Amino acid sequence: MPDYVTLREEWEGVLGRRRDLGQALSFWTSVLDGWRSWEAETVTPLPWSGAECRSRWRRGVPLMAEVEWDIAPEPFEELLGPMMERLAVGGAEDAQALRRFALAWDAGQVGPESLLPTSGKEGAAVLQGDAGLPATLTSFLAHAGLRPALEDLFSSVRDLPDGVWERGVCPWCGGMPGWGDLGEDGRRRLSCHLCGGGWTAPRLRCPFCETWHSGDMVRLLAQGAEEGYFVEACRSCRGYIKGVDRRQRWNAGSPLVEDWASPHLDLYATREGYWRETPSLVHLLPPEGDAAP
Ligand SMILES: [Zn+2]
Ligand SMILES: [Zn+2]
């Protein structure tokens, strides 16, 4: 069972330091509270051997794509419920889409597995089609609801040998990276907030469109960014990822906490015309011109 108590304490520290953003940041507090109360042993860890994992990684397949995940929906409702309530205040259309999602969930047409990035099956089709759930909302629900289960599922297969995985998505769940550090050794380390995975990746390659054109990756100089923090963006696909250089900031927090605590950098990158697929408070702001945090 991952240590959500410590993560929650770290978050409390951030809320104390970033009082200017406190109101907005409290959005994430209930997510962390939900994770902290997740019951251990809800999910059986994936029993695959190192060789079984490596054979998939070598083929460029995230493990989740080949997991038969037959799991009861009830434990997830505790995590999804509060997030749905918060997202529903975003507007009438969102509220309606979430209501359709809830109906489909209760009818068993969608379940936790439908929220996975690797889900190409019926559940995902219902989400997008019948329920008409916008991708942004799906992403928020997935990130709030799946983390403890996925972290338990992958708890015994986190050993990823160097050089085996070359794609930009998470080698475990197939999600997009949500944060990209430079480590003590100068290497880039991507983090997936969906399952809690972290892996080393080439520095000059865009994790979103996987382009190798070194000139395509640019560093945006965000106003208000403290030393060591950066935004890396791709001129080819316009995706961006935030990160911290841990050689300059040895005391930086966990990737998830650092990401959720820096929506001002997302606002900056968004205004520069870049996007991120993983959820950020910036996605919940009214269209440009109406408000700023
Ligand atoms: Zn992942
Ligand atoms: Zn790109």
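The values are calculated or read from the model by the stated rules, or taken from the named source; none is laboratory data. Keep in mind that this is a model prediction, so the values were computed, not measured. As a convention, Cβ positions derive from the backbone with ideal geometry for all residues, glycine included, and neighbour counts pool all protein chains shown.
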Reported set for segment 200-229 where residues are part of a strand (DSSP E or B), without any contact (Cβ under 8 Å) to a residue 40 or more places away in the chain, within 16 Å of ligand 2 (Cβ to nearest atom) and not small (Gly, Ala, Ser) is MET217, VAL218, ARG219
Subset of segment 74-89, residues among the small types (Gly, Ala, Ser) and crowded, with 17+ Cβ neighbours inside 10 Å, comes to ALA88
Any residue at all in segment 213-222 that is within 16 Å of ligand 1 (Cβ to nearest atom) and of a type outside the set (Phe, Trp, Tyr)? no
Practice prompt. Please work out if LEU7 is crowded, with 17+ Cβ neighbours inside 10 Å, over 20 Å from the mean Cα position of the chain (by Cα) and in a helix (DSSP H, G or I).
Written response: no
Subset of segment 140-167, residues crowded, with 22+ Cβ neighbours inside 10 Å and of a type in the set (Gly, Ala, Ser), comes to ALA142, ALA144, GLY145
Scanning segment 165-199 for residues that are assigned to a strand (DSSP E or B), closer than 25 Å to PRO148 by Cβ and of a type outside the set (Gly, Ala, Ser) gives TRP179, ASP181, ARG189, LEU190, TRP199
**Asked** Within the bounds of segment 34-46, is there any residue that is away from ligand 2 (no atom under 16 Å from the Cβ), at pLDDT 95 or above, in contact with a Pro (Cβ under 7 Å, 6 or more places away or on another chain) and not basic (Lys, Arg)?
**Response** yes
Original post:
Would a scan of segment 254-261 turn up a residue that is assigned to a helix (DSSP H, G or I) and charged (D, E, K, R)?
Top reply: yes
Determine whether ARG249 is outside the structural domain of LEU87 (by TED's automatic domain parsing) and surrounded by fewer than 17 Cβ atoms within 10 Å (Cβ to Cβ).
yes
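Each row is one residue, and each column tells you yes or no for (1) among the β-branched types (Val, Ile, Thr); (2) within 16 Å of ligand 2 (Cβ to nearest atom).
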position: PRO117; (1), (2): no, no
position: LEU127; (1), (2): no, no
position: ALA131; (1), (2): no, no
position: ARG147; (1), (2): no, no
position: LEU153; (1), (2): no, no
position: VAL157; (1), (2): yes, no
position: GLY168; (1), (2): no, yes
Worksheet item: Can ARG238 be described as surrounded by fewer than 23 Cβ atoms within 10 Å (Cβ to Cβ), over 25 Å from SER139 (Cα atoms) and of a type in the set (Lys, Arg)?
Response: no
Would you mind stating whether GLY34 is surrounded by 12 or more Cβ atoms within 10 Å (Cβ to Cβ), free of Cβ contacts under 8 Å to residues at least 40 places away in the same chain and under 22 Å from LEU284 (Cβ atoms)? no
Those residues of segment 93-118 that are closer than 14 Å to PRO73 by Cβ and either among the hydrophobic types (A, V, I, L, M, F, W, C) or crowded, with 17+ Cβ neighbours inside 10 Å (or both) come to a total of 14
